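Student: Quick one: the structure is below, questions incoming.
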């Protein structure tokens, strides 16, 4: 008589708690799986975005050699190194970047498996550089470009016209808004024409050499002025 009988919980309450528990476990498992998948994707994107990965394909070795001699490849005293994907993928947004990476990866796979990569006319492809070097990639690093070139009259005028949309170039029979590589044609890969097979025509080499000599002289003059303080 002095003891109270323990009342059993209603079946509906037990069922509700069981559903909450299962839902919580599934949610936690989903979040954990999402984090793991995200981590794997980030690591894969990182590992496949640099020169060491790209040069594993033999046809990319000439590009790697030229890149290694360029300031974007770490040549010089700035300590700056741009990765392949910094220039050759669309940085407009994360979605654009990832989709472009998948697109390029599938295209390269198709070329290496079903076509002959050694038959590619790399000198000809350089004339279409604006299709595989993205302004959004350039501006991803050179964020303060206009202000940074204020003391360089020619560069400032050109960049001001570029950002206002008034700088245009002739592409074939049409005119189009200028891209960075329309002016900076040899950026990223120094003396690339000398490394690419087959050797380019002699007049092309002479033109590139003259341009590079001119650039080198300008750099030396600039450093000399900085040292003298003039």
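Student: Taking only Cα atoms, what is the 0 to 90° angle, nearest 10, from helix 153-164's long axis to the longest principal axis of the chain?
Tutor: It works out to around 40 degrees.
Student: Still on this structure: I'd like the orientation of helix 94-114 relative to the chain: the angle between its Cα long axis and the longest Cα principal axis, in ° from 0 to 90, rounded to 10.
Tutor: Result, in degrees: 70.
Student: From the C-alpha gyration tensor of the range 96-230, pull out the three semi-axes of the equivalent ellipsoid (sqrt of 5λ each), sorted largest to smallest, in whole Å.
Tutor: Value: 31, 22, 15 Å, ordered largest first.
Student: Oh, and also: Which of rounded, prolate, oblate describes the range 128-175, given a ≥ b ≥ c as roots of the alpha-carbon gyration tensor eigenvalues and a/c under 1.5 marking rounded, otherwise prolate only if a/b is larger than b/c?
Tutor: In terms of gyration-tensor shape, oblate.
Student: Quick one: Debye curve from the alpha-carbon atoms of the chain only, equal weights, vacuum; give me log10 I(q)/I(0) at q = 0.08, 0.14, 0.18 Å⁻¹ to two decimals.
Tutor: Per q value, in the given order, log10 I(q)/I(0) is -0.46, -1.09, -1.61.
Student: Using Cα-Cα distances under 8 Å and only pairs 6 or more residues apart, what relative contact order does the chain have, in percent?
Tutor: Taking the mean separation of contacting Cα pairs over the length of the chain, I get 20 percent.
Student: Using the per-residue mean of other Cβ atoms lying within 10 Å as a proxy for protection, in what order, highest first, do the peptides 126-135, 184-193 fall?
Tutor: Ranked from most to least packed, the peptides come out as 184-193, 126-135.
Student: Mind pulling the angle between the C-alpha long axis of helix 202-228 and the longest principal axis of the chain? Nearest 10 degrees, somewhere in 0 to 90.
Tutor: Result, in degrees: 80.
Student: Per residue and in Å³, how big is the convex hull formed by the alpha-carbon atoms of the range 30-160?
Tutor: 157 Å³
Student: Now for a separate question. Plugging the Kirkwood radius over Cα pairs into Stokes-Einstein for the range 36-113, at a temperature of 25 °C and a viscosity of 0.890 mPa s, what D comes out in µm²/s?
Tutor: 179 µm²/s
Readers should treat all values here as calculations from the given coordinates under stated rules, not as data from a laboratory. Bear in mind that the values here come from a model prediction, so they are computed numbers and not experimental data. Neighbour counts are summed over all protein chains in view; Cβ atoms, including those assigned to glycine, are modelled from backbone coordinates with ideal geometry.
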